[in-house]
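Q: Got a structure here, written out as structure tokens. Questions coming.
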Amino acid sequence: MTTPIETKSKVPTHTIYFLRNKEGMEKPEWVKAGVAWEHHDGEGLNLSILNLDREVSLTVRKNKPKPE
């Protein structure tokens, strides 16, 4: 069993967007897709993404060299 990584704050530190191309527009539209919190150790993020009225939680961690 894994334990959740603690975040620094209850307030999100990042906002997640996806870019949607619209016909006739030179630049894509930025659409808010969720929020993220930086981990206390600075090595990753907890993401909360809204997808079709359903919340998806993800964790992102920095890659570390594998021992040889």
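Q: Could you list all residues from the range 50-59 that are among the aliphatic types (A, V, I, L, M) and either in contact with a helix residue (DSSP H, G or I) (Cβ under 6 Å, 6 or more places away or on another chain) or within 13 Å of V35 (Cβ to Cβ) (or both)?
A: L50, V56, L58
Q: What's the total number of residues in the range 16-43 that are touching a residue at least 12 places away in the same chain (Cβ under 8 Å) and on the phi > 0 side of the Ramachandran plot?
A: Of the residues in that region, 1 qualify.
Rule-based calculations on the coordinates, nothing more; no lab input. From a predicted model like this one, the values you see are computed outputs, not experimental measurements. For neighbour counting, all protein chains shown are included, and Cβ atoms are generated from backbone atoms with ideal geometry for every residue, glycine included.
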